[in-house]
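Have a look at the structure below before the remarks.
The values are calculated or read from the model by the stated rules, or taken from the named source; none is laboratory data. The model shown is predicted, which means the values in this text are computed figures rather than measured ones. Every residue, glycine among them, receives a Cβ derived from its backbone with ideal geometry; neighbour counts consider all protein chains shown.
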Amino acid sequence: MKCRRPALIVLFLVCLLAAPATSRAEATTHYWLARPLPPTANLTVERGFPYGWTRNGTSPIHHGVDIVNRLNTPVLAAANGTVYYAGNDAERMFGPSPDFYGNLVVIQHDIAAPDGSAVYTLYGHLNGITVQTGQRVGQGQIIGGVGKTGIAVWYHLHFEVRVGSGDDYNATRNPELWYAPRPGTATLIGRIVDANGGLAMGIRFTLSIRNSIYPGWTYADPGIHNDPTYSENFAVGDLPAGCYYLRVRNGHGGYAYAKQVCLKSGETVFLEVQLAP
Ligand SMILES: [Zn+2]
């Protein structure tokens, strides 16, 4: 079954026999945020540590995305709003432990989530901060510079989207569902379930095209919020347009899933996958 919508194409490639969740075909994207870095900066999300991953249980759940850049690369407000907090999290907790994000900015945006909840963005590990709590900011305004304060081993921006609470570490959503794919690329959103229909957690998959392989993992924990619009358990943004093989190994030398998915520039594609035993 293949449904086309102006902003979202839904492919239920494996649900030809089972009744698909047709409500998702009605979904529309909510790409309300701009990139939190200038166009000249590196905008590519670190694929080795995506949203919802735990490095096989060796790290806390990753509640955002990491974008590596040089020290003091300008960090920009992703949308209009009011600075909810600007400072260090050594005194006020935003993560699982003090001084987790180091210098951070949290912005409460003027827009609301589809259910009416407040939307916040969080910018962590900043070197410097150029705004103050309570200040109004406009989309694209410089709010600080990239650093590695808090728990960070390299210079990068840790970027989060929180819905409903700016303080709650567990209120996050996948940021890649909130900004549009860059020109020439597409966003792939998916929901991978096991042979019994249960949500497959922490599953490694690969997206391969010509000589490039993009690794990915499904969300590693049931406590990780997916987006009510999609009920996804993975999302990969900024995939160059083209035809990919999505593969999930089965641990027996074969594949629990292997199919081609083609992405056009500007598309958002939803893929529902059921793994073979
Ligand atoms: Zn991070």
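Among the listed residues T73, T133, which satisfies the condition of being over 25 Å from G48 (Cα atoms) and either away from the ligand (no atom under 14 Å from the Cβ) or touching a residue at least 60 places away in the same chain (Cβ under 8 Å) (or both)? Don't jump to the end; show me each part of the working.
Numbers: T73 fails: over 25 Å from G48 (Cα atoms).
Answer to the selection: T133.
Inside the range 26-58, residues that are of a type outside the set (D, E, K, R) and under 20 Å from P114 (Cα atoms) make up a count of 8. The residue that is farthest from the ligand (Cβ to nearest atom), among those in the range 25-62 that are exposed (fewer than 13 other Cβ atoms within 10 Å of the Cβ) and of a type in the set (G, A, S), is G57.
Tally up the residues in the range 67-91 that are of a type in the set (D, E, K, R) and surrounded by fewer than 21 Cβ atoms within 10 Å (Cβ to Cβ), please.
We begin by selecting, within the range 67-91, every residue of a type in the set (D, E, K, R); these are 70, 89, 91.
Remaining after also requiring surrounded by fewer than 21 Cβ atoms within 10 Å (Cβ to Cβ): 70, 91.
Result for the range 67-91: 2.
Scanning the range 149-169 for residues that are surrounded by fewer than 23 Cβ atoms within 10 Å (Cβ to Cβ), without any contact (Cβ under 8 Å) to a residue 60 or more places away in the chain and within 16 Å of the ligand (Cβ to nearest atom) returns I151, A152, V153.
Kindly provide the set of residues from the range 114-130 that are free of Cβ contacts under 8 Å to residues at least 40 places away in the same chain and either outside any strand (DSSP E or B) or farther than 20 Å from G95 by Cβ (or both), ordered by number.
Residues satisfying the conditions are G116, T130.
Considering the range 204-221, the residues that are in a loop (DSSP other than H, G, I, E, B) and under 16 Å from the mean Cα position of the chain (by Cα) include one that is surrounded by the most Cβ atoms within 10 Å (Cβ to Cβ), namely Y219. No other residue among Y101, Y120 is within 14 Å of the ligand (Cβ to nearest atom), outside the structural domain of G216 (by TED's automatic domain parsing), crowded, with 22+ Cβ neighbours inside 10 Å and under 30 Å from I203 (Cβ atoms) apart from Y101. A90 passes every criterion in (1) in contact with a Gly (Cβ under 9 Å, 6 or more places away or on another chain); (2) free of Cβ contacts under 8 Å to residues at least 12 places away in the same chain; (3) within 11 Å of the ligand (Cβ to nearest atom) apart from (3).
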